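The values are calculated or read from the model by the stated rules, or taken from the named source; none is laboratory data. Keep in mind it's a predicted model, so treat the numbers as computed, not measured. FYI the Cβ positions are ideal-geometry reconstructions off the backbone, even for glycines, and counts take in every protein chain you see.
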Amino acid sequence: MSNVDLRKLSITLGGNAVIRELDLQVKEGEFLVLLGPSGCGKSTLLHSIAGLIETSGGSIEIGGKDMSRIDPSERGIGMVFQSYALYPTMTVEKNMSFGLRIAGMPKAQIAERLERVAGMLHLKELLKRKPAQLSGGQRQRVAIGRALVRNANVYLFDEPLSNLDAKLRTDLRRELKLLHQNLGSTMIYVTHDQVEAMTLASRIVVMKAGEIQQVGTPSEVYERPANLFVAGFLGAPSMNFIHGELDALGRFNAGALSVGMSAAGPRKAVLGVRPEHIALMDDGPLLGKVSLAEPMGSHQVVWLDCGGHQLSCIVQEARSFAVGDQVAFAIDARRACLFDPDSGKAL
Amino acid sequence: MKPARIGLYAFLLSAALFFMLPLYIMITTSLKSMDEIRNGHLFALPLAPTLEAWRSAWSEACTGASCDGVRAGFWNSVRIAVPSTILPILLGALNGYALSFWRPRGANVLFAILLLGAFVPVQVMIYPLVRMLAAMEVYGSLTAIVLVHLVFGMPVLTLLFRNYYASLPHELFQAARIDGGGFWRIFWHVMLPASIPMLVVAAIMQITGVWNDYILGLVFAGRDNAPMTVQLNNVINTTTGVRLYNVNMAATILTALVPLAIYFLSGRWFVRGIAAGAVKG
């Protein structure tokens, strides 16, 4: 178990600066998720920690030692890839022990490690099979096993669940979380899936265009997003944004919509409200017209037209809506966010 | 059956017949005696089939001064083809592996130059190669001919393996790097075993090419190592005495037998390998 310390890390790929002077501290035993849209540099960052991509500046410290120029195999890491990357001609057993055999570990010790990891991941019956004879979920468990037998200080996951179907993905996600609870190892996990990020992470790092937008626990990032990008990226359906004015008395006004906030203006502002923080109630202060209702099984997403603003809200009760229905609603101002419309930063 | 179908089959059948006709004539002629051939019924089946001409072609036909048949040429060809298949394929795979995964500085330039070699006609390079090999004091030996095949096989083999490795996920290579594999270990333990379909295709191409080669064998192998094609040419062009058409036909079929057998035995693999290179996964 180790901490990872990135200082002023820069990465240049093919002449383009992908990451510029990035600082990030990963605590010992933490499950850190790098979250962002594709092309935001999260995978590049992970690969540089693994030593698979050369850095052009700054340092990578793992367990207090500078690893920026050290070979991937000597950084004390284990890595799991999106495409599993199992050696196609080797059995599960050989796949998992390849690294240990290269390191010249005695056979008895290899067998002991295999035994332990195979037991942990329910791979015992599969040890003699080749990757082609395994299902997608089994392959990814083998890939995880191959990382675990290394007894690494830090485990790196590069979108490990993206190639699996929805059901397997949730199952394996739960297994991964249990694994982290049992092992307590430092894990760094890259994903573009916000559900994975929310469920797995001790802390989430939201990235965009090679820069860190916000670092925080899942609830911090979700409840108090640092800027419009983070606010819009997390949550489905995403946060409602309303452009308007904040007056001197702390009221946010945008046409027919008016909400009392704790901050005061006067200034231009963007109000951000999560769909679950809009409640339909008969004595609500605001009025809207239903423009669309999407039943989701456990709840439904109702789209309201409020003086030209399209708002999505989550309705828990089983009530049916017709397009054009007039409904009254209230916005939970305590849980709404305000952003500066120019910089996008939270006020 | 629809008329279009009938037309299609008629076309395919006549095309097949067209290509089978020479083979038919070769086989029937090789089974006839010279007296029967002189009667001039080219398409007739042999009246009294005999393997005499085949025996003669294999062990008695005269090639210039000696009369040992194409037998000696067969073994020469085997001695040339085995190293000229294994060495270029291993080197081609190694090149493709290095170019695809390690991407050394200037890899693309190197690869472009190598590919350029595939477009230069062999004939242009013969004289310079003769001088080079003579300077190395190996001209006219087994080493010389194997070296020449190694050089001429390199562009296409490198291209084949480079493209095949480019179709494998790069993460496979990265996983092996994290497991501590170096340049050679990843090549021998991960990449080479994963490229069996391509190895089969490359082997088929290389054996066929080397076996069918005439000009390089004639120029570089030297008298003692002359491959079967050169021996065959000598048998057929021997001008003293009667032209033994049956023996010539048998000798020709014997020479073509190895590539033919390879195609028949490996057709399935061949297609699979070509497809593996073309389509990912």
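Where in the stretch B:89-205 are the helices (runs of 4 or more DSSP H), entirely inside, with at least 3 residues that are away from every other protein chain (no Cβ under 14 Å) and surrounded by 15 or more Cβ atoms within 10 Å (Cβ to Cβ)?
B:107-117, B:122-135, B:142-167
Determine whether the stretch A:64-85 contains at least one residue that is more than 21 Å from A:LEU179 (Cβ to Cβ), in a strand (DSSP E or B) and more than 12 Å from chain B (Cβ to nearest Cβ).
yes
Could you check how many residues of the stretch A:18-38 are closer than 21 Å to A:PHE229 by Cα, of a type in the set (Gly, Ala, Ser) and surrounded by 14 or more Cβ atoms within 10 Å (Cβ to Cβ)?
Number of matching residues: 1.
Scanning for something surrounded by fewer than 22 Cβ atoms within 10 Å (Cβ to Cβ) and modelled with pLDDT under 90, does the stretch A:215-226 turn up at least one residue?
no
Can you find a residue that is in the same structural domain as A:CYS306 (by TED's automatic domain parsing), surrounded by fewer than 20 Cβ atoms within 10 Å (Cβ to Cβ) and under 24 Å from A:VAL302 (Cα atoms) anywhere in the stretch A:265-273?
Within the stretch A:265-273 (the criterion being in the same structural domain as A:CYS306 (by TED's automatic domain parsing), surrounded by fewer than 20 Cβ atoms within 10 Å (Cβ to Cβ) and under 24 Å from A:VAL302 (Cα atoms)), the answer is no, since none of the residues qualifies.
Please work out which residue is farthest from A:GLY29 (Cα to Cα), limiting yourself to the stretch A:154-194 and to residues that are within 14 Å of another protein chain (Cβ to nearest Cβ) and surrounded by fewer than 19 Cβ atoms within 10 Å (Cβ to Cβ).
A:ASN163
Restricting to the stretch B:21-41, give me the number of residues that are under 16 Å from B:THR252 (Cβ atoms) and surrounded by 10 or more Cβ atoms within 10 Å (Cβ to Cβ).
Summing the residues that are under 16 Å from B:THR252 (Cβ atoms) and surrounded by 10 or more Cβ atoms within 10 Å (Cβ to Cβ) in the stretch B:21-41 gives 12.
Considering the stretch A:117-134 alone, what residues qualify as being more than 14 Å from chain B (Cβ to nearest Cβ) and either in contact with a Phe, Trp or Tyr (Cβ under 6 Å, 6 or more places away or on another chain) or touching a residue at least 24 places away in the same chain (Cβ under 8 Å) (or both)?
Residues satisfying the conditions are A:VAL117, A:ALA118, A:MET120, A:LEU121, A:LEU123, A:LEU126, A:LEU127, A:LYS128, A:ARG129, A:LEU134.
Would the stretch A:226-238 turn up any residue that is touching a Ser or Thr at 6+ places or on another chain (Cβ under 6 Å) and over 30 Å from A:VAL117 (Cβ atoms)?
yes
Looking at the stretch B:218-244, which of its residues are in a loop (DSSP other than H, G, I, E, B), buried (at least 19 other Cβ atoms within 10 Å of the Cβ) and of a type outside the set (A, V, I, L, M)?
Once the filter is applied, which keeps residues that are in a loop (DSSP other than H, G, I, E, B), buried (at least 19 other Cβ atoms within 10 Å of the Cβ) and of a type outside the set (A, V, I, L, M), the stretch B:218-244 yields only B:PRO227.
If only one of A:ALA201, A:ALA147, A:ALA197 is of a type outside the set (Lys, Arg), within 18 Å of B:GLN174 (Cβ to Cβ) and buried (at least 22 other Cβ atoms within 10 Å of the Cβ), which one is it?
A:ALA147
Kindly evaluate A:LEU45 against the criterion of being assigned to a strand (DSSP E or B), in contact (Cβ under 8 Å) with a residue 40 or more places away in the chain and of a type outside the set (Gly, Ala, Ser).
So A:LEU45 does not fit the description; no.
Specify the residue that is surrounded by the most Cβ atoms within 10 Å (Cβ to Cβ); the eligible residues are those in the stretch A:1-17 that are small (Gly, Ala, Ser) and in a loop (DSSP other than H, G, I, E, B).
A:SER2
Could you tell me which numbered condition A:ALA236 fails, if it satisfies all but one of (1) part of a loop (DSSP other than H, G, I, E, B); (2) under 30 Å from A:ALA17 (Cα atoms)?
(2)
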